[in-house]
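Input: one structure, supplied below.
The values are calculated or read from the model by the stated rules, or taken from the named source; none is laboratory data. Everything quoted here is computed from the prediction, not taken from an experiment. Note that each Cβ is placed from the backbone with ideal geometry, even for glycine, and that neighbours are counted across all protein chains shown. Each accessible area value is taken on the protein alone, full model and side chains, heavy atoms only, with ligands, DNA and RNA left out. Shrake-Rupley method; radii C 1.70, N 1.55, O 1.52, S 1.80 Å.
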Amino acid sequence: MANTDSLPATNENAGTNTRGAVGTVQNTEMARGVEITRDAVGVAPNAGTTRGFIGAALNTGTAYRSGFRWRLHKKNGIAIRFLNINLLLFALAICIMATVMAVAYSAVIGNLSSEYAARYGAGAADTLSARVDKEIILISKTARSSEVIAWMLDEDDAEKKSLAFTELEDVVGELYSFNIYIGLNKSLLEYRIEVDNPVGDFSYVAALSRDKPEDEWYFDCIESDSDYQVLVGIDNVLNKKRVFINHKVELDGAALGVISTGLEFSHIAGELFSQYDDYNLRGLVIDGGGAIHMDSDLLDDRDFLHHEFESTIEDAFAGAAPLSAIRTYLDGAAGGNAGGATGGNAGGNTGGNAGSDIGVGAGVGGGQLAPVRLRTGPYKYMAIAPVLDTDWYVVILSGTPSLFDLSLFIPVMLTMLVLLIAFALAASAANYRLILLPLGKLDHSLALLKENSEMQIYGADRDDELGNLSNTIQDLFNKANIDTLTGIYNRRFMENNLVHIMEILSRANGMLSTLMIDIDFFKRFNDTYGHDQGDICLREVAGTLASGVTRANDFTARYGGEEFVVVLPNTDEAGARVVAEKLLNNVRGLDIPHSGGIDGTPYVTVSIGVTTGRVSFMHCWEDYIRQADKALYASKQNGRNQYTYMALTK
């Protein structure tokens, strides 16, 4: 059986590949599951070509070439009419709402700004806590692994090293950065493992030394009283700035090494603060000592995102109200929860420059600062929330200046609601009349097109955007389903429609017959008469085959090159044989000269393979094509110019 994907493209009849056609529209008309057996009486050929089946009523008068942009400016364009009506109604609603909102604007902004500070503080702290906490849990589990501990005790043991690698390899894929750094206390060597490491192999990084600044992370962690440290630093191997989680590995109080992983700094900073400019907010991540690790105002600063950066709250807010408020909170957090890293309960009064109470109540990590109004400086509200499992805090500052009772906005909300409902109803009515109703009719006509390919698409005669759309769909339908050389259905249509037909027939246990047809010695015909005559021959044979099947659901398609397929739903073996014999005679009757044809017949002939089977859910369309192709091969082996029947065996 010829494969259209591998045929040479010397001319159109040498092989047409229709797999790339655009669009998929199927002819779904069926005989409602009732089995129909063809009789032996001949049927009159269809005088029209199959191309006529696909929307012959295409409106060619719509000048789509004039362009969509030109049509937008026509007074009868749907888009312009809909836009004008919506703009008129919207302008009217805006005028009324603007008058009412001007009265209550300051009250609304005040409440929103304080809520923003609190919500964004809690949200940023939750996000960072979740990211860090996940990494800490994974690294902590690894640091307590018996395999890892055993290897660090005996670094030269190859078996222990392999077991430790397997343990670490399982964890690497779950980490944010997909890599781990391991520092060994005995040999003072640093290794690295990532997801693409060869199995059983650690990547050597360097020897660890107190004299190298880049190794401070290791010695600080080894000598600290905490199990782990969270800090910002530079990954010198990958040349990236990261939020590192360094975890000590110990056995009976003796330090064996450090396992380190990290979150990419620019990604985390962007995830926390990238939207803050839209809300006049500033976000900071600080530690208990007041060092600033992240600042939303510096997200566009490449040095901040990718290099070492040192700043404190004193540098950022020298003499400003936030400095006193933040320091008071940090001092209270350290005193109220001396053993913890999350801030605890640090209630109290700031006094000083802040000039207002800082109430710390239940919140993220049990120590979130309620929104506080700052009386001086560019920022009017502030909130602080601790990051779990660290001594870090998220500070949110809002620059919007009002704080009033939210209840003042209730009348405004009611007025806006009524106006918006009225606007929505009017806009919906116009939307339905101008857009939804025509599109619904178009959609309905497309559904009918699946049932009857002669059906005209709705809107093809309209002189607006919908008319352009309708005619474009009709054109794409033709291009996607019609073979350009022969004018009959192409292979794409055959495959899609055959799948749909089999789905319907499988429900009723119906019969399906398929014919695979090949022009005998067509290559010789091309070589003898030329490709132009070959194209003519293909068109004449295709037209004859298409006119030889006349039931609504029967169809003929070009499979590729000189091969054709005839699909006969609800047709048993006897009916398929009748059609095959008829098609053989019809092609013979064309009397197309072919000096290189089969012996004794100086005209173009065809060979046919026929198969019939009862469709079940276990069948696929390839089963019928494959069996028909086997039968076609038998016809060729037996002398051509004949048909061979083989029942579907599967």
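How would THR166, THR99, THR612 rank on accessible area, largest to smallest, probe 1.4 Å?
Correct descending sequence by accessible area is THR99, THR166, THR612.
Would you pull out the residues with amide H under 5 Å of GLU250's amide H, same chain only if 5 or more places away, H placed 1.01 Å from N?
LEU256
What are the semi-axes of the equivalent ellipsoid of the stretch 410-531, taken as the square roots of 5 times the eigenvalues of the Cα gyration tensor, listed largest first and rounded to whole Å?
50, 21, 12
What accessible area, in Å² to the nearest ten, does a 1.4 Å probe give for GLU155?
That residue has around 30 Å² of solvent-accessible surface.
List, in the order given, every pair from LYS161/LYS240; LYS479/LYS636; LYS186/LYS240; LYS134/LYS248; LYS134/LYS212; LYS523/LYS636 whose Cα-Cα distance in the structure shown is over 25 Å.
LYS161/LYS240; LYS479/LYS636; LYS186/LYS240; LYS134/LYS212
Also, I was wondering about something else. In the stretch 459-547, how does Rg compare with the Kirkwood Rh, expressed as the Rg/Rh ratio over alpha carbon atoms?
Taking Rg over the Kirkwood Rh, I get 1.13.
Compute, for MET413, the solvent-accessible surface of its heavy atoms (probe 1.4 Å) with the complete set of protein chains present, and express it in square angstrom to the nearest 10.
The accessible area comes out at roughly 100 Å².
Pop a pseudo-label 7 angstrom from the Cα along the beta-carbon direction at both ALA508 and ASP475 and give the gap in nm to one decimal.
3.8
Given C-alpha coordinates of the stretch 486-614, what is the ratio Rg to Rh with the Kirkwood estimate of Rh? All intermediate terms of the calculation are to be shown ahead of the outcome.
Working: Rg = 15.2 Å, Rh = 15.1 Å.
That ratio equals 1.00.
Once amide H atoms are placed 1.01 Å from N in the peptide plane, what residues at a sequence separation of 5 or more from TYR603, or on another chain, have their amide H within under 5 Å of its amide H?
Under 5 Å from the amide H of TYR603: HIS594.
Would you kindly calculate the mean projected area, averaged across all directions, of the convex hull enclosing the Cα atoms of the stretch 509-549, in square nanometres?
Taking a quarter of the hull surface, the average projection is 3.6 nm².
Continuing with the same structure: Given H placed 1.01 Å from N in the peptide plane, which residues other than close sequence neighbours of VAL205 have an amide H under 5 Å from its amide H?
Distant-sequence amide H within range of VAL205: GLU190, TYR191, ARG192.
Largest first, how would CYS537, CYS95 line up by accessible area (1.4 Å probe)?
If we order CYS537, CYS95 from most to least accessible, we get CYS95, CYS537.
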